[in-house]
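Trainee: Provided herewith is a single structure, encoded as structure tokens, for subsequent inquiry.
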Amino acid sequence: MSGDDDSNGWQLTESDPGVFSELLKTLGVPLIVDDLYSLDPDSLASLQPLHALIFLFKWVSTTSEGMSGNYDPEFPGFFAHQVVNNACATLAVLNALGNIPALKSGSQLTQLLEFTSGMDPQTRGLVVTSSDWLREAHNSLSPPSAISLDGLGLPKQTEEAYHFVVYLPFMGFVYELDGLKPHPIRHGSYHETGEGWLSRAREVIENRIATYSPEALDFSLLALRDDPLPSIQTELSDLQAAGRQAEAAELVVKLEGETSKRNRWNFENSLRRHNHVGLVHSLLVALAKAGRLEPAKESAKSIMKERISKAKMKGETMDES
């Protein structure tokens, strides 16, 4: 869960494939994360091999009554509790990676998984979130917190909290790994033929999404998959060496798309790492000197009032301060 103060140095991160993919690169894992806009078979097939689905949703405190699936207290795989706020994104990734057989990983991640083997979920969560190197990797893609409102006597307001959970196959069953739950949730078995585990996972996720209002935009879905770039490059070289230029041309387009996506991720991640306070200050000074700061402020107030009015008409709440 993300949104409260009990973070122990873990900062908020965005639900963005570029952020997750950079984290995976830091962990030495040959996987990437892609946005998933549809759960239809064709969309899922295009991302194969697909190892897990990461689901982000607005967290609301509820009881276990009406929960789909069943707790599995004897789950033999890797499962860690979330013991600090803001760590749920990285914890979701680890809960997925720890259950992918024969996965290659960097030395630090390998040592962490080996060290926590056999621990109960609570102790494992404490060890994971106490890892300085992991926290630094997580925080490296969080926007710098350069402005503090502490000491101004402003009333504290509760922010909406969002949370990440993972759906993945393990030993013939589809599991939901939620660090805020006491145990992994088993959602039933699946057939290896056809779509395999994704057919069952689709059913579970669609049922969960159906609990939101039709116009709700309080969730997103990400796919944890093999990095397709090495296989594309190898196949392209083979086709070119065989003189099969027409097929090679199709792969060139695919390769350009993957390369362009990574360039965009790198650019966006560089913006996340940059402290923009100096730029904002300079812009405000320039507006003030030109006599345009007050009109800009009044315009912003007007736009915000309009947004609040529209939100109220939809039955939504917004901070009016």
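The values are calculated or read from the model by the stated rules, or taken from the named source; none is laboratory data. Nothing here was measured: the structure is a model prediction, and the numbers come from that model. Reconstructed Cβ throughout: ideal geometry from the backbone, glycine too, with neighbour counts over all protein chains shown. Areas reflect the complete protein model, heavy atoms only, side chains present, ligands, DNA and RNA absent. Shrake-Rupley method; radii C 1.70, N 1.55, O 1.52, S 1.80 Å.
Trainee: Say the cut-off is 25 Å between C-alpha atoms; which of Lys25/Lys261; Lys104/Lys181; Lys25/Lys254; Lys58/Lys312 go over it?
Mentor: Where the Cα-Cα span goes over 25 Å, the pairs concerned are Lys104/Lys181.
Trainee: Something else about it: From the phi of every residue in region 88-99, what ³J(HN,Hα) in whole Hz does the Karplus formula 6.51 cos²θ - 1.76 cosθ + 1.60 yield, where θ is phi - 60° and glycine or proline is x?
Mentor: Taking θ as phi minus 60°, the curve returns 5, 5, 5, 5, 4, 4, 5, 4, 7, 4, x, 10 Hz for region 88-99.
Trainee: Can you send over the carbon and sulfur percentage of the accessible area for region 32-139, probe radius 1.4 Å, protein chains only? If you can, show how the numbers build up before the last one.
Mentor: Working: 2580 of 5080 Å².
The computed percentage sits at 51.
Trainee: On to the next question. Give me Rg/Rg_expected for region 223-321, where Rg uses Cα atoms only and Rg_expected = 2.2 N^0.38 Å with N residues. Present the calculation step by step, with values, prior to reporting the outcome.
Mentor: Values: Rg = 24.7 Å, N = 99, 2.2 N^0.38 = 12.6 Å.
Cα-based Rg divided by the globular estimate yields 1.96.
Trainee: What spacing in nm lies between the two simple spin-label points modelled at His281 and Lys25, each 7 Å away from Cα in the Cβ direction?
Mentor: It is 3.1 nm.
Trainee: Right, another one. Can you work out the FRET efficiency for the pair Gln240 and Lys289, with r the C-beta to C-beta distance and R0 = 56 Å, to the nearest 0.05?
Mentor: 0.45
Trainee: Which FRET efficiency value, to the nearest 0.05, is calculated for Ser130 and Asn207 with the Förster distance at 51 angstrom and r the Cβ-Cβ distance?
Mentor: Details: r = 36 Å, r/R0 = 0.70.
The calculated FRET efficiency here is 0.90.
Trainee: 7 Å from Cα along Cα→Cβ at both Asp40 and Ala311: what's the point-to-point distance in nm?
Mentor: Reported label-point gap for Asp40 and Ala311 is 3.4 nm.
Trainee: Per the helix-only calculation at 222 nm, which mean residue ellipticity applies to the chain, given -39500 (n - 2.57) for every DSSP H run of n ≥ 4 and division by its residues, nearest 500 deg cm²/dmol?
Mentor: My calculation for the chain gives -13500 deg cm²/dmol from helical runs alone.
Trainee: While we're here: Report relative contact order for the chain in percent, whole number only (criteria: Cα-Cα under 8 Å, sequence separation at least 6). Kindly include the intermediate steps, with their values, before the conclusion.
Mentor: Details: 410 pairs, mean separation 88.5, N = 321.
RCO, the chain: 28 percent.
Trainee: Probe of 1.4 angstrom, ligands and nucleic acids ignored: what's the accessible area per residue over the chain, in square angstrom? Before the final figure, lay out the partial values.
Mentor: On the way: 18490 Å² over 321 residues.
Heavy-atom SASA per residue in the chain reads 58 Å².
Trainee: Provide the convex hull volume over Cα atoms per residue for the chain, in Å³.
Mentor: 195
Trainee: Give me the one-decimal nm value for the distance between modelled label points at His274 and Leu103, 7 Å along each residue's Cα-to-Cβ direction.
Mentor: Using points 7 Å along Cα→Cβ, the separation is 3.3 nm.
Trainee: From the phi of every residue in region 108-124, what ³J(HN,Hα) in whole Hz does the Karplus formula 6.51 cos²θ - 1.76 cosθ + 1.60 yield, where θ is phi - 60° and glycine or proline is x?
Mentor: 5, 5, 4, 5, 5, 5, 5, 5, 8, 4, x, 6, 6, x, 5, 5, 4
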